[in-house]
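The structure under discussion appears below in the form of structure tokens.
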Amino acid sequence: MTRQIHVGPVAVGGGAPVSIQSMCNTPTHDVEATVEQIRRLEAAGCEIIRVAVPDMPAAEAIGAIRAAISIPLVVDIHFDYKLALKCVEQGCDAVRINPGNIGSPDRVAAVAEACKGKGLPIRIGVNGGSLEKPLLEKCGGVTPEALVESAFGHIKLLEDCGFYDICVSLKSSSVPLTMKAYQRMSQESDYPLHIGVTETGTPKMGILKSAVGIGGLLALGIGDTLRVSLSADPIQEVYAARDILKAAGIRRDGPELISCPTCGRTRIDLIGLANEVEERLKGVDKPITVAVMGCVVNGPGEASAADVGIAGGVGEGLLFKRGEIVKKVPQEALVDELFKLIEEI
């Protein structure tokens, strides 16, 4: 088990629930736009939010942003240690930084002391696209070994300052490489791990790569907090993260839909029914499993673990509850009757 840190009130590691993160794509100095986006992300299920801090105007906006939101705020900083110091002063909840790229040891010590004074953790974010040149030469390119060695190099800079409130990420755009790096890191360190696959692309492929990489790590018991990185509205990252946690059996957060593939026995518009049920379930927050099955012969039995479900027939279907048939309903009334049953649960 990893050691535990706290990002604001959210525990990370040490057996705490795996938390969902995302990152704003608004200009951070635009307080109104950033706060509005963070509130939408929180409503979607985001539990920790990160913002980029590329300059001093952005750093000076952190206090106003933090005062207007409920979830913990992480600042993302590269190169300029003064930006980190300003954000800590402004009241951020954590700092994402690579100690090796902010200059001399006294600058690293200044950031470590500032964070220690406020009880803030630091996330070391190692990325395959920005590995140190000597490591690339030593390891023959971007490899799991290079990512892990880079992480330990950054960790040492903080540990030399007596700072241990650390979280680590080791991301690349390659799913197998990323997974191997996290596996290696989990064997060699007990620092909590922020998991994810970076630069995954647009939602179609990005969600697939994230589901394989993040879901695979979670299935191995690796990962304390996560971000799904997509070239899309950050809200899609949060929805995808929730779905991955649900699919991995980590969390029951709202309803889960299961539906069978169509086959030659299907005599009902199964695809249309499944899509309609999925859309209407967006307004349900109960942690239930809902099944849409195409066959009255096998449907209730195959989906016996579902709380409620539909099994299609010819122009009609069965409603069932935990494998037991409740009643027969005409096709046009199936979805309405299903949701009446859901309301009763």
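The values are calculated or read from the model by the stated rules, or taken from the named source; none is laboratory data. Because the structure is predicted, anything quoted here is derived from the model rather than measured. Positions of Cβ are backbone-derived with ideal geometry, glycine not excepted, and every protein chain shown enters the neighbour counts. Quick note on the areas: whole protein, heavy atoms, side chains included, nothing else; ligands and nucleic acids left out. Shrake-Rupley method; radii C 1.70, N 1.55, O 1.52, S 1.80 Å.
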Mind giving me the FRET efficiency for GLU42 and LYS340? R0 is 30 Å, r the Cβ-Cβ distance, nearest 0.05 is fine. 0.45
Mean separation of Cα contacts under 8 Å (at least 6 apart) over the residue count of the stretch 231-345, i.e. the relative contact order in percent, is 19 percent
Relative contact order %, the chain, counting alpha carbon pairs below 8 Å whose residues are six or more apart: 12 percent
For ASN25 and ARG267, what does the FRET efficiency come to when R0 = 56 Å and r is the distance between their Cβ atoms, rounded to the nearest 0.05? 0.75
Just how much of VAL212 is accessible, in Å², when a 1.4 Å probe is used and the result is rounded to the nearest 10? 80 Å²
Report, to the nearest whole %, how much of the accessible area of the stretch 271-327 belongs to carbon and sulfur atoms, 1.4 Å probe, protein only. 51 percent
Please work out the average accessible area per residue across the chain, using the 1.4 Å probe convention, and give it in Å². 44 Å²
If you count, for each residue, the other Cβ atoms within 10 Å and average over each peptide, how do 303-316, 151-164 line up from highest to lowest? 303-316, 151-164
With the calculation restricted to Cα positions, what are the radius of gyration and Dmax of the stretch 225-345 in angstrom? 15.2, 46
Nearest-20 debye value, the chain charge dipole, Cβ charges on Lys, Arg, Asp, Glu: 520 debye
Taking the square root of 5λ for each eigenvalue of the C-alpha gyration tensor of the stretch 104-248, the equivalent ellipsoid has semi-axes, largest first and in whole angstrom, of 27, 18, 14
Rounded to whole Hz and in sequence order, give me ³J(HN,Hα) for the stretch 185-194 from the Karplus expression 6.51 cos²θ - 1.76 cosθ + 1.60, θ = phi - 60°, writing x for Gly and Pro. 5, 5, 7, 9, 8, 10, 5, x, 10, 8
Extension gain (nm, one decimal) between VAL314 and GLU145, 0.36 nm per residue minus Cα-Cα: 55.0 nm
Long-range amide H partners of VAL326 with built H, under 5 Å: LEU319, PHE320, LYS321
With T = 37 °C, eta = 0.692 mPa s and Kirkwood Rh from C-alpha pairs, the Stokes-Einstein D of the stretch 175-252 in µm²/s is about 264 µm²/s
Picking from ILE345, THR143, ALA291, whose Cα lies most toward the positive end of the charge dipole for the chain (charges on Cβ: Lys, Arg +1; Asp, Glu -1)? THR143
Write down the radius of gyration of the stretch 19-162 and its Dmax, each obtained from C-alpha positions, in Å. 15.8, 47
With all protein chains present, the stretch 1-139 has a carbon and sulfur share of its accessible area (1.4 Å probe) in percent of 54 percent
Express in Å², to the nearest 10, the accessible area of MET205 obtained by rolling a 1.4 Å probe over the protein heavy atoms while all chains stay in place. 100 Å²
Cα-Cα pairs in the stretch 7-67 separated by more than 20 Å, as a whole percent of all pairs, come to 29 percent
Which of the following values of Kirkwood radius over Cα pairs in Å was calculated from the structure shown: (i) 23.4; (ii) 21.9; (iii) 21.2? (ii)
What FRET efficiency comes out for ARG322 versus ALA68 if R0 is 35 angstrom and r is the Cβ-Cβ distance? Round to the nearest 0.05. 0.20
